Structure formats: structure tokens, C-alpha cells
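The values are calculated or read from the model by the stated rules, or taken from the named source; none is laboratory data. These numbers come from a predicted model, not from an experiment. So basically every Cβ, Gly included, is an ideal-geometry build from the backbone, and we count neighbours across all protein chains shown. Note: accessible area is taken over every heavy atom of the protein model, side chains too, but ligands, DNA and RNA are not part of it. Shrake-Rupley method; radii C 1.70, N 1.55, O 1.52, S 1.80 Å.
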Amino acid sequence: MLVDPRFLPLADRFFSMYRQPRNGGGALVAYVHGEKVLDIWAGYADRDRRWNRDTVALSFSTGKGVASTIVHRLAERGIVDYDTPVAAYWPEFGAAGKESITLRDVLTHRAGLHRVRGLVPGRLGLLDYDTVIAALAASAPDPRRRRGPGYHAVTYGWLVAETVSRAAGKPFTQIVREEIAEPLGADEFWYHVPADQKPRIAKLFPHINPGGLDWRLTSSVLSVAGPLRGLAEAAMPDGFDELVRNPAVHDAVMPGWNGVFGARSLARMYAAIANGGVIDGTRFLQPETLEQMGTVQTRDRDYVLGVKLGWRLGYHPPLLASRTQPSRGLGHYGVGGSGAYADPETGLALAFVTNRLGNAVTALGDLRLARLGAEAQAIVRQ
């Protein structure tokens, strides 16, 4: 492990979270101005297996930030353009009134395709990439998209994956490897997990039943309840509570939620973003791209989440348990607690992955990363 003396208080806070097997396990990695200052792990990957240096975890919406970074890498080379209609790359997408929806709309959750509940038939239907892609291409957009964003909690990843795959002429998994893993020298960016790496995955627990209630009943009730209907439509498909625990998810490509990562890999990606686009002397992103990535695209109320989140191009601002929030920060948290972000102002990059789902209701995670992030920010600002 690595602990810079300045970050001992942060390490202490992290280790205190994993004192008992029932707390599960996790890993936390931090960089400051491109230098790794923290690399620690603790707890249990399963009841009889300790979390170790090589443990990885399914990290839910944390993967949206990785998929978004791919878009920006491709945009630098003109393979995609933010303001080009998605249908220019993926012609079938232009059906049902979507011909003018741009890649920028997708990145800022303004495509009006938030609905995953009922999108495809069957409790395992979401495992079939081609069926999901065809359903999204045929879907009509929600008219509320013209008034503001609506968080595409599950569908976002498929929209990004198919668009970049069509534009680049390559499978999405190959693009992830070529645009993220290889340039960073970090392998653990998986949406389709190699068979020989599956034993490294930590077991998720507990069930993601909101408030301990039955998932199917709760999602059905919320789907017809006015204020929360959008969240049920976007994030609570029938059988999802069982699907997230099904080993088959690691053989599918569902980049909105099924990404499996190590904290070390995530932190390295965000370290490059926080350090002017450079990591270990190698340029990963251009300064003008970073400027685009961090610019707030919409301050309108999100009709799924019910808040004004200030979406960037594929990222949300870091959410810290502090009065002071990073004004230029960007990243993505996942349901249950995992997440990562970069703060170009301080040069801080922080990544946290865990198998103990802390909050099954909050779409952008729980308070663990918010508290760890607040501690880290306080240290770097001293």
C-alpha cells in the first residue's frame, strides 16, 4: 500500500469503514498533480475472501464517466463531433422523431431516452445488446427533453457505446481497450470481463431493495407515482435487483451500469484529467478538450432526479460532504457508493470502489465517497 503522510487522516477514515466482514470491502486511490499519494484497500471481497491489491468491483454508474472519456478522446481526432446528430453515425437512431438529437444531447442526458423500464421484454432482456440497441433506435423521445435533462440512469451507456462503435467501426470493448486501458497502462476497465479475470470480482451485497421492500412491488408503485415516476422509469426495470447479482452481467456490454473497475485504474484516468490531460509525461487529453469536458452544459432541473445537477459533457460535479464544492470538478458516482472524480483546480483525483452497497435509492451514490472526498479536499487545500 501507499500512504503519503499528508493523507494519513484520509486513510484512517477509510480503514474505519471496514472493520467487520458485514461491512464488505473497498479500495481508495488518490493522485495530486499526477503523483499517486494514496493506494489502499481493506475489508472483505466475500465472506471468506479478503479484499486484496487486485480485487475489482462492479461499480454501476461510475462507468458512465469512463464511457464519456472515450467520446472526448475520439472527438479530438474528429471521429465524432459533439454537435452532429447521432443518426449521422447510427442511421436507425433517426426514427421516431430523433433525427435532430445530437451527441451533446446524449452526453447531457437530453436525448429523452431515459426509460429502461419496459424497454425490452423479459427479466434478462437487458443482457441482449442488439435487442436493446434496436429498441432504443425505435423509441420516441420524451418531450420533456426540450425543457431540461432527464438522467439516463441505465440507457446512457448503450447510447454512447453504439454511437462510438458506429463512428469508429469497431466493437465498443475494443475501443475501451485502445482509447482508455492501453494509453493509461491500466487493464481494469471492463464492461465485458475476461474469463480469467472474473475470480477477482468482489461479491456485491446486500440486495438493492429500497428500504428493505420488495423490488418488484416498489418499482411498480413508483412507476405510477408522480414525483418519482421518472426515477422508476430510468433506473428500476423489473428484475434489476436480481440481474445485478447474475454472473451473466459480466459477459454483456451495458456501459451505463455494468462496468467492473479497480480504484487504481479509475484514479489514473481521472489523474490525467486533473493534471491538465497529462499522466507520467504522456498526454492523454488536450487542454481544449478538458475545457469542453468541464463546462456546465445545463443548469435546468433534471426531470428524473428532481434536482438541478449542472451536467457537464458526460459527467456530474463531485458531490462532497462539505460547504465548499469543487467549481471545476467532474466525475461520476455509482449507485451503492463507488465513484471517481477529478478536480483540475487542486490537481486532485480520487477513486473509490466497494462491494458493500450503501444506498440503493440515491441514483448517484451514498455519502461514503462524499465524506472521503471532503477529507481529501481539505488536505490538498491546506
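Relative contact order for the range 230-382: 20 percent, from Cα pairs under 8 Å spaced at least 6 residues apart, divided by residue count. Greater than 28 Å separation of Cα atoms is the criterion. Which listed pairs, K170/K308; K64/K203; K36/K170, meet it? Violating the 28 Å Cα-Cα cut-off are K170/K308; K36/K170. Within the full protein context, the accessible area of R245 is estimated at about 100 Å² for a probe radius of 1.4 Å. Overall size of the chain from C-alpha positions, given as principal axis extents largest first: 57, 47, 43 Å.
Roughly to the nearest percent, how much of the accessible area of the range 257-331 is carbon and sulfur, given a 1.4 Å probe? About 44 percent, which is the carbon plus sulfur part of the accessible surface. Of the residues S327, M17, A57, the one whose Cα sits farthest toward the positive end of the charge dipole of the chain, with +1 on the Cβ of Lys and Arg and -1 on the Cβ of Asp and Glu, is M17.
When you filter the trypsin sites (Lys or Arg not before Pro) in the range 308-341 for DSSP loop state and at most 14 other Cβ atoms inside 10 Å of their Cβ, you are left with K308, R323. Solvent-accessible surface of the chain, taken per residue with a 1.4 Å probe and all protein chains present: 39 Å². In nm, to one decimal, how far is the modelled label at R49 from the one at D280, with both set 7 Å along Cα→Cβ? In this crude spin-label approximation the distance works out to 2.7 nm. The mean sequence distance of close C-alpha pairs (under 8 Å, at least 6 residues apart), as a share of the length of the chain, puts its relative contact order at 24 percent.
Only Cα pairs under 8 Å and 6+ residues apart enter the sum, and on that basis the relative contact order of the range 1-142 stands at 14 percent. So, R0 is 22 Å and r is the distance between the beta-carbons of E288 and E178; what FRET efficiency does that work out to, to 0.05? In this case the efficiency is close to 0.50. Loop exposure criterion: GluC sites (Glu not before Pro), DSSP state outside H, G, I, E and B, at most 15 other Cβ atoms within 10 Å. Applied to the chain, the longest stretch between such sites is 100-344.
Candidates V32, A42, Y129 compared by Cα position along the dipole of the range 15-132: farthest toward the positive end lies A42, with charges placed on Cβ. The label-point distance for R77 and L367, in a model that sets each label 7 Å from Cα toward Cβ, rounds to 4.5 nm. Span-like helix check, the chain: qualifying full DSSP H segments, with Cα axial length of 15 Å or more and mean Kyte-Doolittle of -0.5 or more, are 62-76, 156-168, 263-274, 367-380. Annotation for the range 1-65 versus the range 84-163: alpha-carbon center distance of 34 Å.
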